[in-house]
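Below you'll find the structure, written out as structure tokens, and then a few comments.
The values are calculated or read from the model by the stated rules, or taken from the named source; none is laboratory data. From a predicted model like this one, the values you see are computed outputs, not experimental measurements. Here the Cβ positions follow ideal geometry from the backbone for every residue, glycine too, while neighbour counts run over all protein chains shown.
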Amino acid sequence: MNLAVHHIRVQAKAIAPLQLHVHTGAALRGAFFNALWERFCTNHAAKTCVECPLLQACPVSSLMAPHRDDSPRGNDVPRPFAIRPPLHHAGSFAPDEQFAWGLTLIGQSTKLFPYVAMALQMMGQNGLGKRVAANDWERGRFVVEQVDAVQLLYDQTQLIQAAGSQRIQTPNLPMTWADAEKVAQTLSTTNIRLHFMTPMRIIEQKILLKVPQLRPIVQRLTERHDGLAREHGSEPFSYEQRQALLNAAATIKLVQNDTHWVELDSYSARQRRKTPIGGLVGSAEYSGDLALLLPLLVWGSVIQVGKDTTKGNGVYRIS
């Protein structure tokens, strides 16, 4: 399992009044797409990426709308990135105030990092967040001050764009399954607490998961791992591995549930409609024989879990 994941943290500074929603991952995803599309799409006449003859050669489609004719999931290929929105932010930022957010690049998408770096700059120029009166009813703009690569599992950082510089290096702090296994060895094999930092949205048998039982979470993690591995440069779990993980998860007890549901919508200007993206936030404690599950749970803290990870959902940490 040699899928490599890179995470970058963007330090930004507002240059005009900027107001963010409490959960702003969807706004960041929209701004990221618009910047990529505006800067690198050479066929704006195409209504969708799938209709474009440049589909397989375009960095926009490779990141935002990957397509494989032979994919077992058809057109629904998992996007090779996820967003980590700012947490516990002030909401409103005056000029010169700072905020930070993260972007995770998965597998072969790291090769597209030069396009990502240029899109980050354009995001700031195009604006982000709500349209506010203090900014003549425009979105707040920002400049990228510094970009760091972050090894989320070992808490290591690498400066890849210094403040005031336009020169940016390709990140070189990969995270792999082997790293997750090493971290898992430091954790309790009988008790664990998961802290859901952004909404975790999981549908179990066509019903939204409102109680964070571990088996549905593990099932979505195995599906996410397998989808990303299959489409972006690695090997999925074998049937036997997957079943062993699910069987182990079914024995784990939820001993304390401190989560609650938040209702959220994401608005698509292109589709002109809202999409629900709400989910569970808070923390939950589990007890049982966790030894087999720990590497997957640690890996999930890197790749995120559930629906709408490209909009910032499914970020969790382990204690």
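Of everything in region 271-284 that is on the phi < 0 side of the Ramachandran plot and loosely packed, with under 12 Cβ neighbours inside 10 Å, the residue that is modelled with the lowest pLDDT is Gln271. Looking at Ser266, Ser287, can you tell me which residue is hydroxyl-bearing (Ser, Thr, Tyr), more than 17 Å from Leu187 (Cα to Cα) and either modelled with pLDDT of 95 or more or outside the structural domain of Gly129 (by TED's automatic domain parsing) (or both)? The conditions single out Ser266. The residues listed here are Ala149, Ala82; of these, the one that is outside the structural domain of Gly312 (by TED's automatic domain parsing), closer than 29 Å to Asn2 by Cα, in contact with a Ser or Thr (Cβ under 6 Å, 6 or more places away or on another chain) and at pLDDT 95 or above is Ala82.
Of all residues in region 152-181, those satisfying the criterion of being among the acidic types (Asp, Glu) and within 19 Å of Asn2 (Cα to Cα) are Asp179, Glu181.
Within region 15-26, track down each residue that is crowded, with 23+ Cβ neighbours inside 10 Å and part of a strand (DSSP E or B). Hit for region 15-26 is Leu18, nothing else.
Please state which one of Pro78, Pro95 is within 16 Å of the chain's Cα centre (by Cα) and part of a loop (DSSP other than H, G, I, E, B).
The match here is Pro78.
I'm trying to understand the selection: among the residues of region 82-106, which are buried (at least 19 other Cβ atoms within 10 Å of the Cβ) and farther than 11 Å from Arg9 by Cα? Scanning region 82-106 gives Ala82, Phe93, Leu105, Ile106. Just so you know, in region 29-61 the residues that are among the small types (Gly, Ala, Ser) and within 23 Å of the chain's Cα centre (by Cα) include one that is farthest from Gln125 (Cα to Cα), and it is Ser61. The residues of region 168-179 that are in contact with a strand residue (DSSP E or B) (Cβ under 7 Å, 6 or more places away or on another chain) and part of a loop (DSSP other than H, G, I, E, B), listed by number, are Ile168, Gln169, Pro171, Asn172, Leu173, Pro174.
Would you mention how many residues in region 229-261 are modelled with pLDDT of 95 or more and either among the acidic types (Asp, Glu) or in contact with a His (Cβ under 8 Å, 6 or more places away or on another chain) (or both)? Number satisfying all stated conditions: 2.
Does Leu290 fit the bill of being closer than 22 Å to Glu181 by Cβ, touching a residue at least 12 places away in the same chain (Cβ under 8 Å) and out of contact with any strand residue (DSSP E or B) (no Cβ under 9 Å at 6 or more places or on another chain)? Taking the combined requirement at face value, the residue does not satisfy it.
Do we find a residue being surrounded by 14 or more Cβ atoms within 10 Å (Cβ to Cβ) and closer than 20 Å to Lys311 by Cα anywhere in region 155-178? No: region 155-178 contains no residue that is surrounded by 14 or more Cβ atoms within 10 Å (Cβ to Cβ) and closer than 20 Å to Lys311 by Cα. Restricting region 98-122 to residues that are closer than 21 Å to Trp37 by Cα and within 14 Å of the chain's Cα centre (by Cα) leaves a set whose member that is modelled with the lowest pLDDT is Ser109.
Return yes or no: is Arg29 among the basic types (Lys, Arg), in a helix (DSSP H, G or I) and more than 30 Å from Tyr154 (Cα to Cα)? No, not satisfied.
Pairs, please: C-beta under 8 Å, at least 6 apart or cross-chain, first residue without any contact (Cβ under 8 Å) to a residue 40 or more places away in the chain and in region 29-58, second of a type in the set (S, T, N, Q) and not in a loop (DSSP other than H, G, I, E, B)? Final answer for the pair search is Cys49/Ser61; Cys52/Ser61; Leu54/Ser61; Leu55/Ser61. Kindly indicate whether any position in region 111-130 is hydrophobic (A, V, I, L, M, F, W, C), farther than 22 Å from Val60 by Cα and part of a helix (DSSP H, G or I). Taking every residue of region 111-130 in turn, none turns out to be hydrophobic (A, V, I, L, M, F, W, C), farther than 22 Å from Val60 by Cα and part of a helix (DSSP H, G or I). Consider region 180-220 and keep the residues that are touching a residue at least 40 places away in the same chain (Cβ under 8 Å) and in a helix (DSSP H, G or I). The one that is surrounded by the most Cβ atoms within 10 Å (Cβ to Cβ) is Ile217.
Looking at Met64, Met118, Met122, which is the one that is closer than 25 Å to Tyr316 by Cβ and either surrounded by fewer than 21 Cβ atoms within 10 Å (Cβ to Cβ) or not hydrophobic (A, V, I, L, M, F, W, C) (or both)? Steps first, answer last, please.
Numbers: Met118 fails: closer than 25 Å to Tyr316 by Cβ; Met122 fails: closer than 25 Å to Tyr316 by Cβ.
Testing whether each residue is closer than 25 Å to Tyr316 by Cβ and either surrounded by fewer than 21 Cβ atoms within 10 Å (Cβ to Cβ) or not hydrophobic (A, V, I, L, M, F, W, C) (or both) leaves just Met64.
Checked against the criterion of being closer than 25 Å to Met175 by Cβ, modelled with pLDDT under 90 and not basic (Lys, Arg), region 123-146 has no qualifying residue.
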